[in-house]
Each structure stands twice: as structure tokens, then as C-alpha cells.
Amino acid sequence: MTAGLGTLVTPGTYLEWAPVAPPYGPGEQFLAGRQAAAAALAAAGSVVRSVPRVAGGRPAFPGGYPGSIAHTDRMAVAVVVPGAAGVGVDIEDAAVTERMVEFVLYEQERRTLLAPDGRYRPVELFSAKEAAFKALDGTAVGGGLLFWRIELLRAGDGLIASFGGRSVPVWAHYADGLAFALAVRW
């Protein structure tokens, strides 16, 4: 999967992966995510490598090193982008059912972004909305930001995710049964 991400990860973006150890439970997933985050922070030059949880369970990256963590039951990923205002990453290996597609994607997204007219798989768009949610969280006017309420539009080689007058570019990729999405807000 990491080999296919060269077009998504640009200079100044630090991405690291970590496997989740057996028995693959929430504790192991948390630990793998923090290991990936520590490696991404080290690669970005941060002397602080720990990423504690804040209220609500979100990761608190050190000042100057905004980042994001995501995991499946077997793999964790972390991204750090120094200088960014917000970062969101997501990985998904779950099947996205037709019912989920109807709930999560607006009709225009289904028509223009999904095959055969679009190039994305449902799981990529699900992942793109999750990454955008993380990058936009805390910026939506009046709150009420729910990941499925984010709107996606095609923009060049990627997507633009919008909610409440705010937007963020999102790049999504699918390989080896895993969807990966990255959103960086400047």
C-alpha cells in the first residue's frame, strides 16, 4: 500500500505505518497508532514523540506538528504535516454496503464520483469524508460537523471536501484491499 502513495504524500508530509499486534483489539490498535505517530513525529523533526488523548479521545499532537492517526484492526497509520492548520488521515478495509453508500454519499457524489462515471470506490469516498472530518474538525461554523454531511467534489487529481463554508483538499487511493485518504488544511 505504501508504494502507491507517492502521489499523495508530498515533501513536508511525514507518513508512517505500524502493524497492529495480536490479538488485534482496541488496546493494540491504540498502541500501533501511537507508534506510527511517534515515528512520523521523529521523521518531521519533533523532539516530542508522545501523542496523548484529549477529551473525546482525539490525539493531541505537539505544537507545530499537526497530525492525524487512523487504524484498521491490523494496520495503523499516522501523518504529520508541519505548518498545516489541520490534518486528517483515514484507512479503511471494511466493505461499504449499498445501504451505507446511500446514507453517507449525496446523490451527486454517487452519480459523479463512483464508477462508472467517476473513478472512486465507495470505500475511498467513505475514507475521504473521514479524513476531511479530522482536518476540518473545530472549524465548522455553528458546529454540527458529522463526517457524512461533508460534501465531496472532484478537483484535479483529488477531491475538495466542504462543510459550513469551509473546505479542504483530499486525496484518496485504493490498493491491496485498503482505502487511504489524506486531507491537509492550510
Per-peptide average of other Cβ atoms within 10 Å, ordering 67-73, 45-51 highest first: 67-73, 45-51
DSSP-assigned coil residues among trypsin sites (Lys or Arg not before Pro) in segment 50-125, each with at most 16 further Cβ atoms within 10 Å: 74, 119
Taking the chain and dividing mean pair separation by its residue count, relative contact order in percent (alpha carbons under 8 Å, at least six apart): 20
Net +/- balance of residues flanking residue 100 in space, Cβ distance below 12 Å, scoring K and R +1, D and E -1: 0
Ellipticity estimate at 222 nm from DSSP helix runs (n ≥ 4, -39,500 (n - 2.57)) divided over the chain, nearest 500: -8000 deg cm²/dmol
Rounded to 10°, Cα long-axis angle of helix 26-44 versus longest principal axis of the chain: 80
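Taken together, the values in this text are just the output of simple stated rules run on the coordinates, not laboratory data. Quantities reported herein were computed from a predicted structural model and do not represent experimental measurements. Positions of Cβ are generated from backbone atoms using ideal geometry, with glycine treated the same way; all protein chains shown enter the neighbour counts.
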